Amino acid sequence: MDTLLQAFEGGVVTGSVYALIALSLVIVYKSTDVINFAGGDILMASCYIALVLLVGWGAPYWLAALVAILGGFVIGAGFDRLVLERIARRARGQDIMIAAVIATIGLSYVLKGLVRMLGYADEVRSLPAQFPGRPLFLGNVIVLRQDIGIVLAASLAVAALYLFFRFTKLGRGLRATAEDPRAAALIGIPVARMRMVIWGIASALAAIAGLLVAPKILMTPDMGIIVILALAASVLGGFTNIPGVIAGGLLLGILENLIGLFVSTQAIAVAPFLVIMAVLVLRPQGLFAGAARMKKV
């Protein structure tokens, strides 16, 4: 039982990070119908921004983290303004979606290439723990202070995002743009600017997730592959259902740890792909979404 509880604790911590990354993918998809395959590499680039400031410039951690989150925002917003907006002007219909997805893949390779040009990417690194200290013991279950900090920080980020979308004028404008861009434009909402802000917020969320997970995993230019796990969490929870996506992230983290405990640690690598295939076959709309709906395209 103690081993099971330890696996559950680790799964909640990992799942909190998955939920943040999945949330960043979903708010972009709900607003633009584009799956951001560069989300993991924006996470990676933000971590390296923090690393350069910490190691190269000797900046305090709070400043490095703030600049990294702002850097993520700028990458996302700039990509939308400089690339996606021009694609939308020149393409039509289904071609827009295809071109935009290809553009996100291109952004992924650009970010990897830029990071590899840094001397800091020559060897495996990691960020220092934000919440150091002796672990806590709940019975025989060991709880690291870093794990508590990750769950609390992820929860605060989700709560702040909810309050922002629910109670601010800008947040309501972003929600209106996501629900019906044409109607939003008719009532005077600048849709293009709203989409740029959405991309920036989503990328900032990915940066926060990266800063939380970087002390626990090895940093390399290929660490953005974690976006596949976030996609699995999104599919598991229902890709357009934000509460379901958060629950899907937590559930995937717990499932991974249980598979590692009862099957093997090697099986963890294939677990997300098995989850994606099983959910798409048995319940395509996700475990936490409503009934599936037909849409004519």
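Put in line by how crowded their Cβ is, counting other Cβ atoms within 10 Å and starting with the fewest, Thr168, Thr32 read Thr168, Thr32.
Here the gap between Tyr109 and Asp122, fully extended at 0.36 nm per residue and compared with their Cα-Cα distance, gives a gain of 3.0 nm. Note on Ile187 and Ala160: the model spin-label points, each 7 Å out from Cα along the C-beta direction, lie 2.8 nm apart.
When the Gaussian network model of the chain links Cα atoms closer than 10 Å, the mean-square fluctuations of Val67, Val281, Val101 top out at Val281. In this label model, Ile98 and Ser264 are separated by 4.1 nm, measuring between points 7 Å along each Cα→Cβ vector. For Val115, neighbours were defined as the other residues whose beta-carbon sits under 15 Å from its Cβ, and their charges (Lys and Arg +1, Asp and Glu -1) total -1.
This ranking places Ile187, Ile208, Ile142 by how few other beta-carbon atoms lie within 10 Å of each, fewest first, which gives Ile187, Ile142, Ile208. Taking every C-alpha pair closer than 8 Å and separated by at least 6 residues, the mean separation divided by the residue count of the range 2-282 gives a relative contact order of 39 percent. According to the Kirkwood relation over distinct C-alpha pairs, the hydrodynamic radius of the chain is 19.8 Å.
Label sites at Arg145 and Arg90, each approximated as a point 7 angstrom past Cα along Cα to Cβ, lie 5.3 nm apart.
Taking amide H atoms as placed 1.01 Å from N in the peptide plane, the amide H of Gly286 has no partner under 5 Å among residues 5 or more positions away or on other chains. Counting Lys and Arg as +1 and Asp and Glu as -1 over every other residue whose Cβ lies under 15 Å from the Cβ of Thr14, the net charge comes to -2. Considering only Ala153, Ala100, Ala207, and ranking their Cα positions along the charge dipole of the chain that arises from unit charges at the beta-carbon of Lys, Arg, Asp and Glu, the one farthest toward the positive end is Ala100. A cut-off of 5 Å between modelled amide H atoms, ignoring neighbours fewer than 5 places along the same chain, links Ala59 with Leu54. By the equivalent-ellipsoid construction on the alpha carbon gyration tensor, the range 156-250 comes out with semi-axes of 28, 15, 13 Å, ordered largest to smallest.
Read-outs throughout are calculated quantities, based only on the coordinates presented, and are distinct from any laboratory measurement. As the structure is a prediction and not an experimental result, all values here were calculated from the model. Virtual Cβ from ideal backbone geometry, glycine too; neighbours counted across all protein chains shown.
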